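Colleague: Here it is: the structure, laid out below.
The values are calculated or read from the model by the stated rules, or taken from the named source; none is laboratory data. Note that the coordinates shown come from a computational prediction; the quantities given were computed from them, not determined experimentally. Please note: Cβ atoms are built from the backbone with ideal geometry, for glycine as well, and neighbour counts cover all protein chains shown. Side chains are part of the model used for accessible areas, which takes the heavy atoms of the whole protein and leaves out ligands, DNA and RNA. Shrake-Rupley method; radii C 1.70, N 1.55, O 1.52, S 1.80 Å.
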Amino acid sequence: MSADVRPIAASELPDWLRAQRAGFLNASRGTAADLALLTETLDFARTQGAFDADTGRCVACFRSFPQELTVPGGGFVPSSAVTSVSVMPTHRRQGLLSRMMAAEFTAAHARGDVLSTLIAAEYPIYGRYGYGPATSIAEWEIDLPRTGLGPRAAVPGGGARIDLVDEAEVRELGPVLHERLRAVTPGLVSRDARWWSVATGAEALSHNPYTPSFHAVYRTAQGEVTGLVRYTGDDHWTDAKVPHNTVQVRQLLALTPEAERALWYFVCSIDWVVKVRTGYRAPDDLVTGLLPDARAARMLTSSDLLWVRVLDVVRALGARTYAVPGVLVLEVVDTTGPAGGRYRLDTGAGDCVRTEEPADLRLDVGTLGSLYLGDASAVRLGALGAITEERPGALALADAAFRTARRPWCPDIF
C-alpha cells in the first residue's frame, strides 16, 4: 500500500482523531467538544497524518509540541515533545512511522530544538530512531498499619501548616511552585496553562476525564507555599463494617525535604485509610526512607519513563553541568538524524565543540540520550557493549561526570 504523509488540515481532524484513537485501542471517535478543543490547541503544522492513497483515510498519526526540559545544573533546554503516535493495524510495517519521524527531525532541527522527547508506550520501537530511556519511575503501596507512624507525625513542626485548597487555588499556586521546582530538578518538563486546566478539571477531553480530587498545600511558618499534593480516595468497607480505604496520590511536588516529609505524613494519617499508593516517583524518592518501617512500602512499578533524543550535540552537552572536570572526545553515531560526528566535551568549562581529535568513547545517539540527564551509568553501558572505550579511563570519567547526586525525575505523561 502507498500513503501520503503530510501535516493535516483542520478539516481532516475528525479522521485523524479516529485513527489516533484506534491505534490506542479506543473505539471512540471523540465528541464535538473534543474536536473543538483540539482545533483550538493543536499546531496543525506539527500534526502529521498518513493517508492511504486508495481510500484517502488517515491510517497513521503523529504530532509534537514545544517543551522545555530541565537538565543538570538547572538549565532549560528547548525540546520537541512527541505524542499521539499511532499506526492503524492494517498499515503497520510499511515505514509510515519512519517517514513521520524523519519529517519531525528535519522540522525540529530547523526550529532550533536541541532535543526530542517522548513517553514510550512500547520499549522496542524508539531506539531505532535514536531515543534512549533517560529517566525512571517507581510506585509504592504503603501499608499504613506497618509504618510505625504515630498520629502526631501528621502535624508539621516549626509553625508550618497544611491546608486543603480547591482547584481554583491550585491553578494559581501550582504553576508557581512547579516553575521553582523544575529549576532545580533534572528531568522535569514545562507545563503550560492548559496542563493545569486539565489537571484541575477546568477542561477535559472525553478520553481523559478529570477525577474529583483533594488538594493540600504545605505552608512554611512565613506563609510560603513550598509543597502541593493532589490525592483521591476510594470507599471500601469490610464485611465487619470497618473502613479499609486506599488513597491514591496523583501529584506531589515539594521544594524542600521538610515540605515533602510533611505531605507524605499527612496523606499517611488520613482517617479510614489503610493503604497509600504513591503515584509515579523518582526511584530514589524520600518516601520509603521517611517511614520508621521502610518495609511497609511495597514497590508496585519500576520502569523507564521519559526518553530523550539528542538533535544538537553541541548545544545539548553545553547546556548542562558536570560533577567532575575533564575532557572527553565522543564519537556519536546517528543513522536517522543530525547528531552524528565527533565532539570534544570539556566538562569543567561546560563547553562542547566538533573536533577531529581521536575518539575516547564511541556510542550511538540513543545511548547519549540515556546518559544525558545523569540517570545511566557509563561504566554499566560499556559493560553492556553500548559504549566502546578507546582511551583507558574514559568510561570512568564519563560515569563520574555525567551522573547526578539525585536521579532525574519526570512525573508527566504526554
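Colleague: Using beta carbons and a limit of 6 Å, which pairs, at least six apart or on different chains, have the first residue in the stretch 326-345 and under 17 Å from His109 (Cβ atoms) and the second one hydroxyl-bearing (Ser, Thr, Tyr) and open to solvent by less than 50 Å² (accessible area, probe 1.4 Å)?
Modeller: Thr336/Tyr129
Colleague: Those residues that are of a type outside the set (A, V, I, L, M, F, W, C) and open to solvent by less than 70 Å² (accessible area, probe 1.4 Å), I need them from the stretch 151-168; list them, please. Outline the logic, then answer.
Modeller: From the stretch 151-168, those of a type outside the set (A, V, I, L, M, F, W, C) are 151-152, 156-159, 161, 163, 166-167; that's our starting set.
Within the stretch 151-168, Pro156, Gly157, Gly159, Asp163, Glu167 meet the criteria.
Colleague: Can you pull out every residue in the stretch 381-396 that is in contact (Cβ under 8 Å) with a residue 12 or more places away in the chain and open to solvent by 40 Å² or more (accessible area, probe 1.4 Å)? Full working, then the answer.
Modeller: Step one: of the stretch 381-396, the residues in contact (Cβ under 8 Å) with a residue 12 or more places away in the chain are 381-382, 386-391, 394-396.
Matches in the stretch 381-396: Thr388, Glu389, Glu390, Arg391, Ala396.
Colleague: If you don't mind, there's one more thing I want to ask. Being in a loop (DSSP other than H, G, I, E, B) and in contact with a Ser or Thr (Cβ under 7 Å, 6 or more places away or on another chain) is the filter here, so list the residues in the stretch 211-227 that pass it. Working first, answer last.
Modeller: So the first thing to find is which residues in the stretch 211-227 are in a loop (DSSP other than H, G, I, E, B), and the list is 211-213, 220-224.
Within the stretch 211-227, Thr211, Ser213, Thr220 meet the criteria.
Colleague: Another question, if that's okay. Considering only residues that are assigned to a loop (DSSP other than H, G, I, E, B) and surrounded by fewer than 15 Cβ atoms within 10 Å (Cβ to Cβ), which ones fall in the stretch 169-200?
Modeller: Just the residues of the stretch 169-200 that are assigned to a loop (DSSP other than H, G, I, E, B), to begin with: 183-188, 190-192, 200.
Ala183, Val184, Asp192, listed by residue number.
Colleague: Considering only residues of the stretch 222-231 that are farther than 24 Å from Gly148 by Cβ and either touching an Asp or Glu at 6+ places or on another chain (Cβ under 8 Å) or of a type outside the set (D, E, K, R) (or both), which is most open to solvent (accessible area, probe 1.4 Å)? If you could, list the steps in order and put the result at the bottom.
Modeller: Taking the stretch 222-231 and keeping what is farther than 24 Å from Gly148 by Cβ, we get 222-226, 228, 230.
Now narrow it down to the ones that are either touching an Asp or Glu at 6+ places or on another chain (Cβ under 8 Å) or of a type outside the set (D, E, K, R) (or both): 222-223, 225-226, 228.
Working: Gln222: 160, Gly223: 43, Val225: 27, Thr226: 6, Leu228: 6 Å².
So, considering only residues that are farther than 24 Å from Gly148 by Cβ and either touching an Asp or Glu at 6+ places or on another chain (Cβ under 8 Å) or of a type outside the set (D, E, K, R) (or both), the one most open to solvent (accessible area, probe 1.4 Å) is Gln222.
Colleague: Looking at the stretch 201-221, which of its residues are open to solvent by 50 Å² or more (accessible area, probe 1.4 Å) and within 22 Å of Thr278 (Cβ to Cβ)?
Modeller: Answer for the stretch 201-221, where residues must be open to solvent by 50 Å² or more (accessible area, probe 1.4 Å) and within 22 Å of Thr278 (Cβ to Cβ): Asn208, Tyr210, Thr211, Pro212, Phe214.
Colleague: Same structure again: Kindly indicate whether Phe51 is assigned to a strand (DSSP E or B), under 22 Å from Leu205 (Cα atoms) and either modelled with pLDDT under 95 or open to solvent by less than 50 Å² (accessible area, probe 1.4 Å) (or both). Spell out how you get there, then give the answer.
Modeller: Values: assigned to a strand (DSSP E or B): yes; under 22 Å from Leu205 (Cα atoms): no; either modelled with pLDDT under 95 or open to solvent by less than 50 Å² (accessible area, probe 1.4 Å) (or both): yes.
It is false that Phe51 is assigned to a strand (DSSP E or B), under 22 Å from Leu205 (Cα atoms) and either modelled with pLDDT under 95 or open to solvent by less than 50 Å² (accessible area, probe 1.4 Å) (or both).
Colleague: For the subset of the stretch 130-145 comprising residues that are touching a helix residue (DSSP H, G or I) at 6+ places or on another chain (Cβ under 9 Å) and part of a loop (DSSP other than H, G, I, E, B), which member is surrounded by the fewest Cβ atoms within 10 Å (Cβ to Cβ)?
Modeller: Tyr131
Colleague: Further, regarding this structure: Within the group Gly127, Gly148, which residue is touching a Leu at 6+ places or on another chain (Cβ under 9 Å), more than 28 Å from Thr41 (Cα to Cα) and open to solvent by 40 Å² or more (accessible area, probe 1.4 Å)? Let's see the steps before the verdict.
Modeller: Numbers: Gly127 fails: touching a Leu at 6+ places or on another chain (Cβ under 9 Å).
None of the other options fit; the residue is Gly148.
Colleague: Inspect the stretch 19-40 for any residue being touching an Asp or Glu at 6+ places or on another chain (Cβ under 9 Å) and at pLDDT 95 or above and give the result as yes or no.
Modeller: Checked against the condition, which is being touching an Asp or Glu at 6+ places or on another chain (Cβ under 9 Å) and at pLDDT 95 or above, the stretch 19-40 yields no hits at all.
Colleague: For the stretch 1-32, enumerate the residues that are open to solvent by 70 Å² or more (accessible area, probe 1.4 Å) and assigned to a helix (DSSP H, G or I).
Modeller: Scanning the stretch 1-32 gives Ser11, Ala32.
Colleague: Could I ask something else about it? Hey, can you tell me all the residues within the stretch 347-366 that are of a type in the set (Val, Ile, Thr) and either out of contact with any strand residue (DSSP E or B) (no Cβ under 9 Å at 6 or more places or on another chain) or crowded, with 24+ Cβ neighbours inside 10 Å (or both)?
Modeller: In the first step, residues of the stretch 347-366 are kept if they are of a type in the set (Val, Ile, Thr); the result is 347, 353, 355, 365.
Result: Val365, single match.
Colleague: Here is a further query. Report yes if some residue within the stretch 188-202 is touching a residue at least 60 places away in the same chain (Cβ under 8 Å) and closer than 19 Å to Thr256 by Cβ; otherwise report no.
Modeller: Among the residues of the stretch 188-202, at least one is touching a residue at least 60 places away in the same chain (Cβ under 8 Å) and closer than 19 Å to Thr256 by Cβ, which makes the answer yes.
Colleague: How many of the residues in the stretch 38-48 are closer than 20 Å to Ser197 by Cβ and open to solvent by 40 Å² or more (accessible area, probe 1.4 Å)?
Modeller: Filtering the stretch 38-48 for residues closer than 20 Å to Ser197 by Cβ gives 38-43.
Filter again for open to solvent by 40 Å² or more (accessible area, probe 1.4 Å), leaving 39-41, 43.
Number satisfying all stated conditions: 4.
Colleague: Take the residues in the stretch 268-297 that are open to solvent by 30 Å² or more (accessible area, probe 1.4 Å), assigned to a loop (DSSP other than H, G, I, E, B) and of a type in the set (Ser, Thr, Tyr), then tell me which one is modelled with the highest pLDDT.
Modeller: Among residues in the stretch 268-297 that are open to solvent by 30 Å² or more (accessible area, probe 1.4 Å), assigned to a loop (DSSP other than H, G, I, E, B) and of a type in the set (Ser, Thr, Tyr), the one modelled with the highest pLDDT is Tyr280.
Colleague: Report the residue count in the stretch 108-119 for those that are under 12 Å from the mean Cα position of the chain (by Cα), surrounded by 19 or more Cβ atoms within 10 Å (Cβ to Cβ) and of a type in the set (A, V, I, L, M).
Modeller: Result for the stretch 108-119: 1.
Colleague: Hey, can you tell me all the residues within the stretch 59-91 that are open to solvent by 20 Å² or more (accessible area, probe 1.4 Å), outside any loop (DSSP other than H, G, I, E, B) and of a type in the set (A, V, I, L, M, F, W, C)?
Modeller: If the condition is that a residue be open to solvent by 20 Å² or more (accessible area, probe 1.4 Å), outside any loop (DSSP other than H, G, I, E, B) and of a type in the set (A, V, I, L, M, F, W, C), then Phe65, Phe76, Val85, Val87 are the ones that fit.
Colleague: How many residues does the stretch 232-267 hold that are open to solvent by 20 Å² or more (accessible area, probe 1.4 Å), touching a residue at least 24 places away in the same chain (Cβ under 8 Å) and either within 16 Å of Asp143 (Cα to Cα) or in a helix (DSSP H, G or I) (or both)?
Modeller: Here the count works out to 11.
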